[in-house]
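A short worksheet on the structure shown next.
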Amino acid sequence: MTGRLPPILSADQLSVTFADGASGLHALGQVSFEVCPQEFICLLGPSGSGKSTLLRVLAGLVRPTSGEIRFHTDHPPRFGVVFQQSNLMPWRTVRQNILLPLQLQNTGQTSAQEKVNDMINLVGLQGFEDSLPRDLSGGMAQRVALARALIHDPDMLLLDEPFGSLDALTRERMWLELSNIWQASRKTVIMVTHSITEALLLADRVLVLSARPGKIKLDLSVDLPRPRQEDIRYTEDFGRLARQLKQAIE
């Protein structure tokens, strides 16, 4: 846990209303929280609670109707974003997809290739560097998406249900993969999920949003030791935290 460090992000009274008929659709209502460097936070809540909207506000993809976000960095914040679909370019190989952000930044070729090699090793894709997306499993494609999001050294990694489209067994493997990647990179992560188990296996804190308009109903610290293995979910402490989250969602 890194809760004693000064925050890297402060959200103050964020509200979002989308134009939808006369009254509009009130997606988020007065959401406030702070995020510390290297923290892994999961956003949990019922469907329609505004989790993805909040993530898009943080990424600058949606403008809040009211409220403010402050980033406590000495430069404009850099984001890595991964959605439920990997959104890889089908004509580019694994290496070429990961390389794309550096090409857009005009990074020198030698430095860029070294960084791509480091990312390929980090996400465990050795031997698949020249494969096209059509030849990858769903889990492997999401690993490429994670590597692409991390390669430009973002201040914050924003994940919108990155494993939601995977089958149950692959999803469970990806939980451990992501946990290992986070342990190695120590990036600040905010992740949307519908899964209590996923949240408790990965997060330092879980923010539970209420039904629309989404408000923070519970800010739960996950006091489980790291690194976490799959069998931790059968422990008494895991069960205690899971019950708290379930009660907050219900």
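Would you mind calculating the gained length between Gln113 and Trp91 on full extension (0.36 nm times residue separation, minus the Cα-Cα distance), in nm to one decimal?
The span from Gln113 to Trp91 would gain 6.0 nm if fully extended.
Under unit Cβ charges (Lys, Arg +1; Asp, Glu -1), what dipole magnitude, rounded to 20 debye, does the chain have relative to its Cα centre?
300
How high is the relative contact order of region 73-169? Use alpha-carbon pairs under 8 Å, at least six apart in sequence, and give a whole percent.
With pairs under 8 Å counted, the relative contact order is 51 percent.
What order do you get for 178-191, 230-243, 55-68 when each peptide is scored by the mean count of other beta carbon atoms within 10 Å, highest first?
Highest mean packing first, the order is 178-191, 55-68, 230-243.
Taking Cα pairs under 8 Å and at least six residues apart, what relative contact order does the chain come out at, in percent?
Relative contact order comes out at 27 percent.
Given springs between every Cα pair under 10 Å in a Gaussian network model of the chain, which of Leu169, Leu150, Leu136 has the largest fluctuation?
Maximum among the listed residues: Leu169.
Taking the dipole about the Cα centre of region 157-203, with the C-beta of Lys and Arg at +1 and of Asp and Glu at -1, give me whichever of Trp182, Leu169, Thr197 is farthest to the positive side.
Of the candidates, Trp182 comes out farthest on the positive side.
Find the lysine pairs in the chain meeting two conditions, Cα atoms under 17 Å apart and a separation of 8 or more places or different chains, and report how many there are.
Final tally of qualifying lysine pairs is 6.
Among DSSP beta bridges lying fully in the chain, give the percent that are antiparallel, nearest 5.
Bridges in the chain are about 50 percent antiparallel.
Which residues does a label at Ala242 reach in region 167-195, if reach means a backbone N under 17 Å from a point 7 Å past the Cα toward the Cβ?
Residues 168-169, 171-173, 175-176, 194-195 qualify, since their backbone N sits under 17 Å from the label point.
Averaging sequence separations of C-alpha pairs under 8 Å and six or more residues apart, then dividing by the length of region 26-132, give the relative contact order as a whole percent.
20
Starting from the eigenvalues of the Cα gyration tensor, five times each then square-rooted, give me the equivalent ellipsoid semi-axes of the chain, largest first, whole Å.
Its equivalent ellipsoid spans semi-axes of 29, 22, 18 Å.
With everything on Cα atoms, drop me the angle between helix 109-122 and the longest principal axis of the chain, reported from 0 to 90° to the nearest 10.
Approximately 60 degrees, to the nearest ten.
Computed from the coordinates by the stated procedures, all read-outs in this text should not be read as laboratory data. Just so you know, these numbers come straight off a predicted model, no measurement behind them. Don't worry about glycine lacking a Cβ; one is built from the backbone with ideal geometry, like all the others, and counts go over all protein chains shown.
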